[in-house]
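The values are calculated or read from the model by the stated rules, or taken from the named source; none is laboratory data. Not measured: the values here are computed from a predicted model. Virtual Cβ from ideal backbone geometry, glycine too; neighbours counted across all protein chains shown. Quick note on the areas: whole protein, heavy atoms, side chains included, nothing else; ligands and nucleic acids left out. Shrake-Rupley method; radii C 1.70, N 1.55, O 1.52, S 1.80 Å.
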Amino acid sequence: MATLFISDLHIDAGQPAVTGQFLSFLRGDAANAESLYILGDLFESWIGDDDADSAQTAVIEGLNTLTAGGVPCFVMQGNRDFLLGPRFCAMSGAHLLPDPLVLTLYGESVLVMHGDALCTDDRAYQRLRATVRDAGWQREFLALSVSRRRALAGAARSGSRAHTAAADQGITDVNAASVATALRTAGLSMLLHGHTHRPAVHRFEVDGRACTRIVLGDWHAQGSVLRWDEEGQELLALPRSGTPE
Ligand code: MN
């Protein structure tokens, strides 16, 4: 049996093919896994545990079926769904993970992150991240009405799209020195993250130590999963069947 890692599904009512593929994945590969880890941005937007739409509700029910069937599911908050909270956990049966997280599987330890904290060249984003991760800011935001929160989140997404479009490709990727610092601080040689939507396995050295950085892909046009068992890790693309080209 394998442990599966995915991220960046960006589940959205406007993208039914993504939701459909993910629900099939939950009934198939995930149901046969040892456990499932979702490393952030499961949802395109999450303004609180009291406002799930139809696509989000379908996904929560899919996760609940998975966890009720005995497959543990762990969810890390991403930059889109950093407000996932206790009610989401109760509804889905999933457990929230801290970011960063050190995980030891099959005798190997890995540093696990969503990945946005490594994009330190994007200073404007890091300032925003510090603000919205503040407990006081979150308390005030969650106290607003659903309609007010929706309006603010819509404006934030437009701003984020404009920022990403205008930003140099380089600054929206991870910073090499931040990657090295994270691995050095954790005393580890393997890092796993999502966020950048640039699936790859990178090999490099930190202080003369051979290191690996595995980047999960997004689910926009196909799925992306890291399969990890006693044999090691394998980063796989999951073709989307049954959808017209
Ligand atoms: Mn992200």
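Taking ASP99 as the residue in question, decide whether it is closer than 28 Å to SER189 by Cβ, assigned to a loop (DSSP other than H, G, I, E, B) and at pLDDT 95 or above.
So ASP99 fits the description; yes.
Being open to solvent by less than 70 Å² (accessible area, probe 1.4 Å), among the acidic types (Asp, Glu) and modelled with pLDDT under 95 is the requirement here; does ASP173 meet it?
Considered against the rule, which asks whether it is open to solvent by less than 70 Å² (accessible area, probe 1.4 Å), among the acidic types (Asp, Glu) and modelled with pLDDT under 95, ASP173 comes out as yes.
Could you tell me how many of the residues in the range 22-35 are out of contact with any helix residue (DSSP H, G or I) (no Cβ under 8 Å at 6 or more places or on another chain), touching a residue at least 24 places away in the same chain (Cβ under 8 Å) and surrounded by fewer than 21 Cβ atoms within 10 Å (Cβ to Cβ)?
Residues in the range 22-35 being out of contact with any helix residue (DSSP H, G or I) (no Cβ under 8 Å at 6 or more places or on another chain), touching a residue at least 24 places away in the same chain (Cβ under 8 Å) and surrounded by fewer than 21 Cβ atoms within 10 Å (Cβ to Cβ): 4 in total.
Can you tell me which residue is farthest from PHE5 (Cα to Cα) among those in the range 48-74 that are under 16 Å from the mean Cα position of the chain (by Cα) and of a type outside the set (Phe, Trp, Tyr)?
Checked the range 48-74; the qualifying residue farthest from PHE5 (Cα to Cα) is GLN56.
Restricting to the range 36-56, and then to whatever is assigned to a strand (DSSP E or B) and open to solvent by less than 10 Å² (accessible area, probe 1.4 Å), can you tell me which residue is farthest from the ligand (Cβ to nearest atom)?
Restricting to residues being assigned to a strand (DSSP E or B) and open to solvent by less than 10 Å² (accessible area, probe 1.4 Å), the top hit is LEU36.
Sort out which residues of the range 47-72 are touching a residue at least 40 places away in the same chain (Cβ under 8 Å) and under 26 Å from GLY28 (Cα atoms), and write them in order of number.
Across the range 47-72, the qualifying residues are ASP53, SER54, ALA55, GLN56, VAL59, GLY62, LEU66, VAL71.
Can you work out which of the residues in the range 66-78 that are within 16 Å of the ligand (Cβ to nearest atom) and not in a strand (DSSP E or B) is surrounded by the fewest Cβ atoms within 10 Å (Cβ to Cβ)?
Here the residue is GLN77.
Looking at (1) among the hydrophobic types (A, V, I, L, M, F, W, C); (2) assigned to a helix (DSSP H, G or I); (3) open to solvent by 30 Å² or more (accessible area, probe 1.4 Å); (4) over 20 Å from GLY217 (Cα atoms), which is the one condition that is false for ALA182?
Only one criterion in (1) among the hydrophobic types (A, V, I, L, M, F, W, C); (2) assigned to a helix (DSSP H, G or I); (3) open to solvent by 30 Å² or more (accessible area, probe 1.4 Å); (4) over 20 Å from GLY217 (Cα atoms) is unmet by ALA182, namely (3).
Among residues belonging to the range 112-149 that are among the small types (Gly, Ala, Ser) and in a loop (DSSP other than H, G, I, E, B), point out the one that is nearest to the ligand (Cβ to nearest atom).
For the range 112-149, the residue satisfying everything is GLY115.
Of a type in the set (A, V, I, L, M) and modelled with pLDDT under 95: is that true of MET1 in this structure?
yes
Every residue, every condition in (1) modelled with pLDDT of 95 or more; (2) at negative phi; (3) open to solvent by 80 Å² or more (accessible area, probe 1.4 Å); (4) within 16 Å of the ligand (Cβ to nearest atom), yes or no:
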position	(1), (2), (3), (4)
THR196	yes, yes, no, yes
GLN222	yes, yes, yes, no
VAL225	yes, yes, no, no
ASP229	yes, yes, no, no
GLU234	yes, yes, yes, no
LEU238	yes, yes, no, no
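Please work out which residue is least open to solvent (accessible area, probe 1.4 Å), limiting yourself to the range 11-21 and to residues that are within 23 Å of ARG87 (Cα to Cα) and within 16 Å of the ligand (Cβ to nearest atom).
Here the answer is ILE11.
List, please: which pairs have Cβ atoms under 7 Å, are six or more places apart or on different chains, and start with a residue in the range 144-158 that is under 16 Å from ASP81 (Cα atoms) and modelled with pLDDT of 95 or more and end with one that is open to solvent by 60 Å² or more (accessible area, probe 1.4 Å) and of a type in the set (D, E, K, R)?
Listed pairs, sorted by first residue: VAL146/ASP50.
Before we move on, is ASP81 more than 16 Å from TYR37 (Cα to Cα), free of Cβ contacts under 8 Å to residues at least 60 places away in the same chain, in contact with a Ser or Thr (Cβ under 8 Å, 6 or more places away or on another chain) and within 16 Å of the ligand (Cβ to nearest atom)?
Against the criterion (more than 16 Å from TYR37 (Cα to Cα), free of Cβ contacts under 8 Å to residues at least 60 places away in the same chain, in contact with a Ser or Thr (Cβ under 8 Å, 6 or more places away or on another chain) and within 16 Å of the ligand (Cβ to nearest atom)), ASP81 does not qualify.
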